[in-house]
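**Student:** The structure under discussion is supplied below as structure tokens; questions concerning it will follow.
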Amino acid sequence: MSFDPASLTYDANGLIPVIAQDVGSDEVLMLAWMNAEAVARTLATRRVTYWSRSRQAFWVKGETSGHIQHLVELRIDCDRDCLLARVRQQGPACHTNRRSCFYTAIQNGDEVEILHPLA
């Protein structure tokens, strides 16, 4: 069966959340957004392309930083309203220069930094 990005369930702004996960370690790297065109571009190029809500523009991960996400597999959740991008991450995924955007944990009621910026 052929895939059509329009078959996904997008929010009122035409966006769908995408979780990026490292294919080697299964580590969750980040969460971002795509519209139907970003989904199509990602599948065509195998370079993960998001929609930047703040800039209102396409954002090819790593285009300026060199921290590229190479798409290995794109998965659709059961409700078709969230995507999982299994990627090969080159360099840090987070703009703070950390491997993952999820670098703060709540432990015993306190926020604790669990990942430090890469050197």
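**Student:** Given the options Ala32, Ala93, Ala44, state which has the largest fluctuation in a GNM of the chain using a 10 Å cut-off (strictly under) for Cα springs.
**Tutor:** Ala44
**Student:** Then there's this: Just to be sure I understand the model, the point goes 7 Å from the Cα along the line to the Cβ. What's the resulting Thr9 to Glu27 distance in nm?
**Tutor:** Computed distance between label sites Thr9 and Glu27 equals 3.2 nm.
**Student:** Roughly how many nanometres apart are two label points built 7 Å out from the Cα toward the Cβ at Gln56 and Arg88?
**Tutor:** 3.7
**Student:** I would also like to ask the following. Report the gain in length on full extension from Thr64 to Leu43: 0.36 nm times residue separation, minus Cα-Cα distance, nm rounded to one decimal. All intermediate terms of the calculation are to be shown ahead of the outcome.
**Tutor:** Numbers: separation 21, 0.36 × 21 = 7.56 nm, distance 2.02 nm.
Additional length available on full extension: 5.5 nm.
**Student:** Follow-up. Could I have the simple spin-label model distance between Met1 and Ile114, label points 7 Å from Cα toward Cβ, reported in nm to one decimal?
**Tutor:** The two pseudo-label positions are separated by 3.6 nm.
**Student:** How high is the relative contact order of the chain? Use alpha-carbon pairs under 8 Å, at least six apart in sequence, and give a whole percent. Intermediate results must be reported in sequence, preceding the final value.
**Tutor:** Working: 227 pairs, mean separation 26.2, N = 119.
Here the relative contact order equals 22 percent.
**Student:** For a quick check: sort Trp51, Trp59 by the number of other beta carbons within 10 angstrom, fewest at the front.
**Tutor:** Working: Trp51 23, Trp59 19.
Sorted ascending by nearby Cβ count, the order is Trp59, Trp51.
**Student:** For the residues Tyr50, Tyr10, what sequence is obtained by ranking on other C-beta atoms within 10 Å, fewest first?
**Tutor:** Taking fewest neighbouring Cβ atoms as first place, the list is Tyr10, Tyr50.
**Student:** State the label only: which of (1) 6.8; (2) 8.9; (3) 15.0 corresponds to mean projected area of the Cα convex hull in nm² computed from the shown model?
**Tutor:** Computed from these coordinates, mean projected area of the Cα convex hull in nm² corresponds to label (2).
Read-outs: derived from the displayed coordinates by stated rules, not from any lab. Given the structure is predicted, the values throughout are model-derived calculations rather than measurements. Virtual Cβ from ideal backbone geometry, glycine too; neighbours counted across all protein chains shown.
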